[in-house]
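Data block below; observations after.
The values are calculated or read from the model by the stated rules, or taken from the named source; none is laboratory data. Model, not experiment: these values are computed from the prediction. Neighbour counts are summed over all protein chains in view; Cβ atoms, including those assigned to glycine, are modelled from backbone coordinates with ideal geometry. The accessibility values were calculated without ligands, DNA or RNA, using every heavy atom of the protein model including side chains. Shrake-Rupley method; radii C 1.70, N 1.55, O 1.52, S 1.80 Å.
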Amino acid sequence: VQLQASGGGLVQSGGSLRLSCVASRRTSSNNAMGWFRQAPGKEREFVASISWKGDSTLYDDSVKGRFTISRDNVKGALYLQMNSLKPEDTAVYFCAVAKSAYSGRRRSDYLYWGQGTLVTVSS
């Protein structure tokens, strides 16, 4: 499975961006999916995940209330709507397909990874 993430860019603090991730085939429709991010010099960290049916979501506390994860299993797509962006949200954002239908926050829960899309938030 190949994952193609897009939608990153440069935005001012308080602005919004919508990230998209498309899987090369629909293997992802039976698996949870998630978003992680990695800032310069830091470890890759969990942002949000969504179950295979979209009925369960998890968010890191740092993005709760500002970011919304969603998916379209017909299109094999994953989305991350990011509002009220802050400079500390600056990072490369990665989408990933989990090993199971419901997944958590650990990197080891995920099997396939996209190449990442850069989000830069200026102050």
Original post:
Quick one: what pairs do we get from segment 28-49, first residue without any contact (Cβ under 8 Å) to a residue 40 or more places away in the chain and over 15 Å from residue 99 (Cβ atoms), second assigned to a loop (DSSP other than H, G, I, E, B) and open to solvent by less than 10 Å² (accessible area, probe 1.4 Å), C-beta under 8 Å, 6+ apart or different chains?
Top reply: 48/63
**OP:** Within segment 90-100, track down each residue that is open to solvent by 30 Å² or more (accessible area, probe 1.4 Å) and either of a type in the set (Phe, Trp, Tyr) or modelled with pLDDT under 95 (or both).
**Re:** 99, 100
Original post:
If you take the residues of segment 39-53 that are under 19 Å from residue 88 (Cβ atoms) and part of a strand (DSSP E or B), which of them is most open to solvent (accessible area, probe 1.4 Å)?
Top reply: 45
Original post:
Can you name the condition, by its number, that residue 118 falls short on among (1) farther than 26 Å from residue 15 by Cα; (2) loosely packed, with under 14 Cβ neighbours inside 10 Å?
Top reply: (1)
Subject >> segment 54-86 - residue that is without any contact (Cβ under 8 Å) to a residue 24 or more places away in the chain and in a loop (DSSP other than H, G, I, E, B) and, of those, surrounded by the fewest Cβ atoms within 10 Å (Cβ to Cβ) >> reply: 61
**OP:** Take segment 53-101 and flag every residue that is over 28 Å from residue 12 (Cα atoms), of a type in the set (Gly, Ala, Ser) and in contact with a helix residue (DSSP H, G or I) (Cβ under 9 Å, 6 or more places away or on another chain).
**Re:** 76, 98, 100, 101
Original post:
Out of segment 8-38, which residues are part of a loop (DSSP other than H, G, I, E, B), open to solvent by 30 Å² or more (accessible area, probe 1.4 Å) and either at pLDDT 95 or above or touching a His at 6+ places or on another chain (Cβ under 6 Å) (or both)?
Top reply: 8, 13, 14, 16
Original post:
Tally time: how many residues in segment 52-76 are of a type in the set (Gly, Ala, Ser) and under 13 Å from the mean Cα position of the chain (by Cα)?
Top reply: 1
